[in-house]
Amino acid sequence: MIDISLTVNGRRYAETVEPRLLLSDFLRGRLGLTGTHVGCEHGVCGACTVRLDGVAVRSCLLLAAQVDGTEIVTVEGLAHDGALTPLQEAFHRHHALQCGFCTPGILLAASDLLSHDQPPTREAIVDMLSGQLCRCTGYTPIVDAIAEVAGA
Amino acid sequence: MKPPPFDYLRPKTLEGALEALAQNAEEAKVLAGGQSLVPALNMRLLRPALLVDINRLPGLNEVVGDGAMRVGATVRQADPRLLAHPLLAEALPHVGHFVTRNRGTVCGSIAHSDAAAELPLALVTAGGSVVAISRSKTREIPAGDFFLGPYTTALEPGEIIVETIWPLPREDETYAFEELAQRAGDYALAMASVRVHDDELRVVVGSVVERPIVLEVDPEHPGESAAAQIEPWGSIHASPTYLKQLVRVLVDRAVARARGRAVA
């Protein structure tokens, strides 16, 4: 067993984990943060995407043991005091979700893309979304929502 | 879809990592970006006894060098420093997805040696090499000798790739990379990578062969002569005939673009 301490959505946690525990299962099962969704569990679908020290990563491809000392943001950490982020507002306005299963991962991946110095082009947004599977075929409004925030 | 049990070690020094690997040579796996290794663990295709996590080893997140770019073992595929190499700048956008490139490493892709991966192909095209360290020795392995087949390399048990070396273009040397995948980020059906320097033409193809190989092509008809040399197996997605046609088209496109740059 391995002792880890980390910050998730601004809150400190100290836990003991088995080496093989995936970060996705740690967030959902141990911390109760079930907004991080688990789809394929091999890095393809993108539903489990979180930000690790600011960088969007697949939480199903990381071990909880690896994130000792890091800072993680999940979908629960985006809105503050009930106020949605501009990206979440844009998703709402554009009806950029249907069933919502892919939404948390897309929000976290898009928030990383939008944090770069250069705002992404519409093409870069589409390319990013190629790694975030939406099975409701709702991509057009998703692209529109992210593009609006990017000013693209 | 949960990994089998294993021990996990995050050494503080390279020496510590090499020691752990030496003691568990056949049973241990090196964990860097984990974008290929962890899926294989989750699907239980692999059952290593020990994972040696090198992500926090000092000195491995470097991109340095003048005539050649030396890329350390923990440099991520999304690292903007890599764009200084024209072939990497063309090939990297095809590697996985935005989020997996944030974590996946250049050296890890080289070590994994997937026959459908872009970076092994690119390293062979660039005439690069792999620097591997074990407790007893350090050696530099030319890319052409490193890739032995799908998921098989010249790396020995107990060795860690510490860096890959990517020669930068000489004067008047140009590159181009082409691939066709069914969707962005998918494994390529076929890919071609080209280096042009005066009359010297290097053509390397991937996905349609077991490992990236340099083809001797007719400079007048590069695509046709490349396609004539390969015997792809084909799959449910693409027949052998179609794949040969793809190679012909992709090689011709890459050669034309590289030559166009040489003139410009």
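For region A:4-24, which positions are free of Cβ contacts under 8 Å to residues at least 24 places away in the same chain and within 14 Å of another protein chain (Cβ to nearest Cβ)?
Within region A:4-24, the subset free of Cβ contacts under 8 Å to residues at least 24 places away in the same chain is A:11-14, A:16, A:18.
The answer is A:THR16, A:GLU18.
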Where the second residue is surrounded by fewer than 17 Cβ atoms within 10 Å (Cβ to Cβ) and in a helix (DSSP H, G or I) and the first is at negative phi and lies in region B:11-25, which pairs have Cβ atoms under 8 Å and are six or more apart or on separate chains? B:PRO11/B:GLU19
Any residue in region A:124-140 that is aliphatic (A, V, I, L, M), assigned to a helix (DSSP H, G or I), buried (at least 21 other Cβ atoms within 10 Å of the Cβ) and touching a residue at least 40 places away in the same chain (Cβ under 8 Å)? no
Hey, among the residues in region B:25-37 that are within 10 Å of another protein chain (Cβ to nearest Cβ) and of a type in the set (A, V, I, L, M), which one's farthest from B:ILE133 (Cα to Cα)? B:LEU37
Residues of region B:112-167 being within 22 Å of B:ASN61 (Cα to Cα), in a helix (DSSP H, G or I) and acidic (Asp, Glu), which ones? B:GLU118
The condition of being within 14 Å of chain A (Cβ to nearest Cβ), more than 17 Å from the chain's Cα centre (by Cα), surrounded by fewer than 24 Cβ atoms within 10 Å (Cβ to Cβ) and assigned to a helix (DSSP H, G or I) holds, among B:ALA22, B:ALA40, only for B:ALA40
Within region A:25-63, tally of residues that are on the phi > 0 side of the Ramachandran plot and either away from chain B (no Cβ under 12 Å) or crowded, with 20+ Cβ neighbours inside 10 Å (or both): 4
Could you please give the count of residues in region B:1-14 that are crowded, with 17+ Cβ neighbours inside 10 Å and part of a loop (DSSP other than H, G, I, E, B)? 4
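Among the candidates B:PRO142, B:PRO150, single out the residue that is surrounded by fewer than 20 Cβ atoms within 10 Å (Cβ to Cβ) and within 12 Å of the chain's Cα centre (by Cα).
Details: B:PRO142 fails: within 12 Å of the chain's Cα centre (by Cα).
Just a single option satisfies the conditions, and that option is B:PRO150.
Have a look at B:GLN182, B:GLN229 and point out the one that is of a type in the set (S, T, N, Q) and at pLDDT below 95. Steps first, please.
Values: B:GLN229 fails: at pLDDT below 95.
Going through B:GLN182, B:GLN229 in turn, the sole match is B:GLN182.
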In region A:116-139, which residues are farther than 15 Å from A:CYS45 by Cβ and either within 12 Å of chain B (Cβ to nearest Cβ) or under 11 Å from the mean Cα position of the chain (by Cα) (or both)? A:HIS116, A:ASP117, A:GLN118, A:PRO120, A:GLU123, A:ALA124, A:ILE125, A:VAL126, A:ASP127
Pick out the one residue from A:GLU89, A:GLU71 that is in contact with a strand residue (DSSP E or B) (Cβ under 6 Å, 6 or more places away or on another chain), away from chain B (no Cβ under 14 Å) and not basic (Lys, Arg). A:GLU71
Of the residues B:PRO48, B:PRO93, which is without any contact (Cβ under 8 Å) to a residue 12 or more places away in the chain, on the phi < 0 side of the Ramachandran plot and within 13 Å of another protein chain (Cβ to nearest Cβ)? B:PRO93
Which of the residues spanning region B:211-237 are buried (at least 24 other Cβ atoms within 10 Å of the Cβ), part of a loop (DSSP other than H, G, I, E, B) and either more than 21 Å from the chain's Cα centre (by Cα) or of a type in the set (S, T, N, Q) (or both)? none
Can you tell me which condition B:ALA17 does not meet? The list is (1) among the small types (Gly, Ala, Ser); (2) part of a loop (DSSP other than H, G, I, E, B); (3) closer than 16 Å to B:GLY108 by Cβ; (4) more than 13 Å from chain A (Cβ to nearest Cβ), and all the others hold. (2)
Per the filter on region B:182-210, residues in a strand (DSSP E or B) and surrounded by fewer than 18 Cβ atoms within 10 Å (Cβ to Cβ) are B:HIS197, B:GLU200
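The values are calculated or read from the model by the stated rules, or taken from the named source; none is laboratory data. Remember, predicted model here, so these are calculated numbers, not experimental data. A quick note on method: Cβ atoms are made from the backbone with ideal geometry, for glycine too, and the neighbour counts reach across all protein chains shown.
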